[in-house]
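Novice: What follows is a structure written as structure tokens; I'll ask about it next.
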Amino acid sequence: MLRDPESYARLLEHVRAAVLAGLPGPRSPRSVVSASWDRSLAAHVDPDEGEAPFVHDVDVLTALREAHPLAPVLPVLRQMLVSIADDAEHVMIVTDAEGLILWREGAANQLVRADHVGLSEGTRWSESAIGTNAMGTTLATGEPVQIYSAEHLVRRYHTWTCAAAPVRDPETGVLLGSIDVSGPLRTVHPAMLSLVTATAQLAEGQLRAQLAVRDERLRRVNMPHLEALRGRPGALLSASGRVLAAQACLLPATVDVRRGGGTVALPDGRIATMEPLAEGYLLRLRATGGGSGGHRPRLRLEYLADGAGSTTVDGRDVPFTLRHAEILTLLALHPNGLSAERLALQLYGESGNPVTVRAEIHRLRSQLGASVVQTRPYRLAAEVDADFVKARSLLRSGSPSDVLQVFRGPLLPESEAPAIREERETLTAQVRQVALNSTDPAVLWSFWETSCGVDDFEILDALLTTLPPSDPRRAAVSAHRARLA
């Protein structure tokens, strides 16, 4: 935390005045601030008299809120930020991609104070509208940012500090808007930026989970079209061109579908035809011209997550079932390979049938390619980069922060396969102990953010012991523990 926010604010005033006058100052502004000032001044924002424009009334704003992609994750944002904003005398703000404030919540006295400077629903806070501010600057740069006092270009906001982070569409990567916490300068705390960033990531995780549900529905409805190809190379695509399921071929993560059907050339020169479906497309690929280039593929498994995780081959996202993820996990943990009988035992227990395993391996090889999964015994022939393998290694030789950087949640939390469950429980217990043994609140906070630690009283008590009273994260932990108790 800044030891003397008011002195720092006076320093920033001198810096701003010098820059605007074209004179040498006591120090240079931060690079992100300097670039933002340049963009704001180029947009003719008045540094002395600028004011956030009011662009939409309540009726229009209501319709915009209902249609906005961030509306479904608003409860998550409230749960993470509103109680903290109340305690720290801040307001939580959510904007669209153009900087329009769609939602604003916080303590009543702070909302009144915010109204006086135009921090209200229906106003626009892009850099081009009101100059340097956390919301506008994070939308301009695509990165989280905290803006202090006179780092705001417009003078009327110099008694405020704000932290904001962008939120992107998990399907397209398009910027959806920003999440911001703003409040009086005297309550400034550097941890607020981390908190807002974590909340934005949580919102993106929720959107990703909703997308996964839609994808699964599309796969279920359209799979008969792919099966009708009878093993010939093809794929199911979403309406935006993402590959949802493929057989007998490797494809990029997305295919250009702008023309809405017909013949399409893939980046490696292969030719395919796309047949529009009710939702999405069926892609038919010529069987010749594999396009793999003979290199050893790189298989990346990210299964330490509270959500579904991800599987990629050479950077291409591969749709996968839980059973396929379980098989890939076990093969990654046994680089020398497993027989059908051993794999069946680890997947299903004593009731496992090797015939079932062989059928699953056949489907997995059809999707990933024989160059990734080989037989006799079943093994991974690709270069494997698996987060759970890396976590195992870091537990032996890495620092606690390194371990928690990799461990973002339990291993395949939905899996009931005996070997996966045992590995998950062992790994989680080891990481939990590493967190408890650490005196670093950042390590404990990282573990608490996972589903493994969120309701763990021992983790909560350790956080309350290590976090200083002035840290706004302490209020979140304390409130959560009180709700559990």
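The values are calculated or read from the model by the stated rules, or taken from the named source; none is laboratory data. Small disclaimer: the values here were computed from a predicted structure and weren't measured. FYI the Cβ positions are ideal-geometry reconstructions off the backbone, even for glycines, and counts take in every protein chain you see. Surface areas here come from the heavy atoms of the whole protein model, side chains and all, with no ligands, DNA or RNA. Shrake-Rupley method; radii C 1.70, N 1.55, O 1.52, S 1.80 Å.
Novice: Any idea which residue in the range 427-457 is least open to solvent (accessible area, probe 1.4 Å), counting only those that are farther than 13 Å from Ala391 by Cβ, not β-branched (Val, Ile, Thr) and not in a helix (DSSP H, G or I)?
Specialist: Top of the filtered list is Gly453.
Novice: Checking the conditions here, which among Ala435, Ala417, Ala386, Ala325 is over 24 Å from the mean Cα position of the chain (by Cα) and either under 29 Å from Gln247 (Cβ atoms) or of a type in the set (Gly, Ala, Ser) (or both)? It would help to see each step written out before you state the result.
Specialist: Working: Ala435 fails: over 24 Å from the mean Cα position of the chain (by Cα); Ala386 fails: over 24 Å from the mean Cα position of the chain (by Cα); Ala325 fails: over 24 Å from the mean Cα position of the chain (by Cα).
Testing whether each residue is over 24 Å from the mean Cα position of the chain (by Cα) and either under 29 Å from Gln247 (Cβ atoms) or of a type in the set (Gly, Ala, Ser) (or both) leaves just Ala417.
Novice: Out of Gly173, Gly183, report the one residue that is more than 28 Å from Pro472 (Cα to Cα) and open to solvent by less than 40 Å² (accessible area, probe 1.4 Å). Steps first, please.
Specialist: Numbers: Gly183 fails: more than 28 Å from Pro472 (Cα to Cα).
Result: Gly173 is the single residue among Gly173, Gly183 that is more than 28 Å from Pro472 (Cα to Cα) and open to solvent by less than 40 Å² (accessible area, probe 1.4 Å).
Novice: Taking Leu237 as the residue in question, decide whether it is closer than 30 Å to Gln367 by Cα, crowded, with 22+ Cβ neighbours inside 10 Å and not basic (Lys, Arg).
Specialist: yes
Novice: List the residue pairs whose Cβ atoms are under 6 Å apart, where the first residue sits in the range 462-483 and is in contact (Cβ under 8 Å) with a residue 60 or more places away in the chain, the second is open to solvent by 60 Å² or more (accessible area, probe 1.4 Å), and the two are 6 or more positions apart or on different chains.
Specialist: Ser470/Met1; Ala475/Asp87
Novice: Which numbered condition trips up Arg424, out of (1) farther than 30 Å from Arg186 by Cα; (2) surrounded by fewer than 21 Cβ atoms within 10 Å (Cβ to Cβ)?
Specialist: (2)
Novice: With respect to Val373, determine if the residue is of a type outside the set (Gly, Ala, Ser) and crowded, with 17+ Cβ neighbours inside 10 Å. First the steps, then the outcome.
Specialist: Details: of a type outside the set (Gly, Ala, Ser): yes; crowded, with 17+ Cβ neighbours inside 10 Å: yes.
Criteria met by Val373.
Novice: Where in the range 142-256 are there strands (runs of 3 or more DSSP E), lying fully within it, with 1 or more residues that are closer than 30 Å to Ala370 by Cβ? Don't jump to the end; show me each part of the working.
Specialist: Working: elements: 145-148, 160-168, 175-184, 234-237, 243-247.
In the range 142-256, 234-237, 243-247 are the strands (runs of 3 or more DSSP E) which contain 1 or more residues that are closer than 30 Å to Ala370 by Cβ.
Novice: Of the residues that sit in the range 467-481 and are open to solvent by less than 20 Å² (accessible area, probe 1.4 Å) and touching a His at 6+ places or on another chain (Cβ under 8 Å), which one is nearest to Val196 (Cα to Cα)?
Specialist: Narrowing the range 467-481 to residues open to solvent by less than 20 Å² (accessible area, probe 1.4 Å): 467, 471-472, 476-477.
Now drop any that are not touching a His at 6+ places or on another chain (Cβ under 8 Å), which leaves 471-472.
Working: Asp471: 14, Pro472: 11 Å.
Among residues in the range 467-481 that are open to solvent by less than 20 Å² (accessible area, probe 1.4 Å) and touching a His at 6+ places or on another chain (Cβ under 8 Å), the one nearest to Val196 (Cα to Cα) is Pro472.
Novice: Next question, about the same structure. Take the conditions open to solvent by less than 50 Å² (accessible area, probe 1.4 Å) and modelled with pLDDT of 90 or more and apply them to Leu299. Does it pass? Steps first, please.
Specialist: Numbers: open to solvent by less than 50 Å² (accessible area, probe 1.4 Å): yes; modelled with pLDDT of 90 or more: yes.
Yes: the conditions hold for Leu299.
Novice: For Gly261, state whether it is more than 29 Å from Glu422 (Cα to Cα), within 21 Å of the chain's Cα centre (by Cα), small (Gly, Ala, Ser) and at pLDDT below 80.
Specialist: Working: more than 29 Å from Glu422 (Cα to Cα): yes; within 21 Å of the chain's Cα centre (by Cα): no; small (Gly, Ala, Ser): yes; at pLDDT below 80: yes.
Criteria not met by Gly261.
Novice: Another question, if that's okay. Among the residues of the range 328-370, what is the count of those that are of a type in the set (D, E, K, R), more than 22 Å from Gly231 (Cα to Cα) and surrounded by 14 or more Cβ atoms within 10 Å (Cβ to Cβ)?
Specialist: Step one: of the range 328-370, the residues of a type in the set (D, E, K, R) are 341-342, 350, 358, 360, 363, 365.
Adding the requirement that they be more than 22 Å from Gly231 (Cα to Cα) leaves 341-342, 350.
So of that shortlist, the ones also surrounded by 14 or more Cβ atoms within 10 Å (Cβ to Cβ) come out as 342.
The total comes to 1.
Novice: Do you know which residues across the range 57-70 are touching a residue at least 60 places away in the same chain (Cβ under 8 Å) and closer than 25 Å to Thr141 by Cα?
Specialist: His68, Pro69, Leu70
Novice: Please enumerate the residues belonging to the range 7-25 that are on the phi < 0 side of the Ramachandran plot and surrounded by fewer than 11 Cβ atoms within 10 Å (Cβ to Cβ).
Specialist: Step one: of the range 7-25, the residues on the phi < 0 side of the Ramachandran plot are 7-21, 23-25.
The answer is Ser7, Ala21, Leu23, Pro24.
Novice: Could you run through the range 391-426 and say how many residues are within 20 Å of Glu449 (Cα to Cα), assigned to a loop (DSSP other than H, G, I, E, B) and not hydroxyl-bearing (Ser, Thr, Tyr)?
Specialist: Qualifying residue count, the range 391-426: 6.
Novice: Looking at the range 222-245, which of its residues are under 10 Å from Arg284 (Cβ atoms) and among the basic types (Lys, Arg)?
Specialist: Selection gives Arg232 alone.
Novice: Determine whether the range 260-270 contains at least one residue that is out of contact with any Cys (no Cβ under 8 Å at 6 or more places or on another chain), on the phi > 0 side of the Ramachandran plot and in contact (Cβ under 8 Å) with a residue 40 or more places away in the chain. I'd like the intermediate steps shown before the answer.
Specialist: Filtering the range 260-270 down to residues out of contact with any Cys (no Cβ under 8 Å at 6 or more places or on another chain) leaves 260-270.
Now restrict to residues that are on the phi > 0 side of the Ramachandran plot: 260-262, 269.
Retained after the next criterion (residues that are in contact (Cβ under 8 Å) with a residue 40 or more places away in the chain): none.
No, the conditions are met nowhere in the range 260-270.
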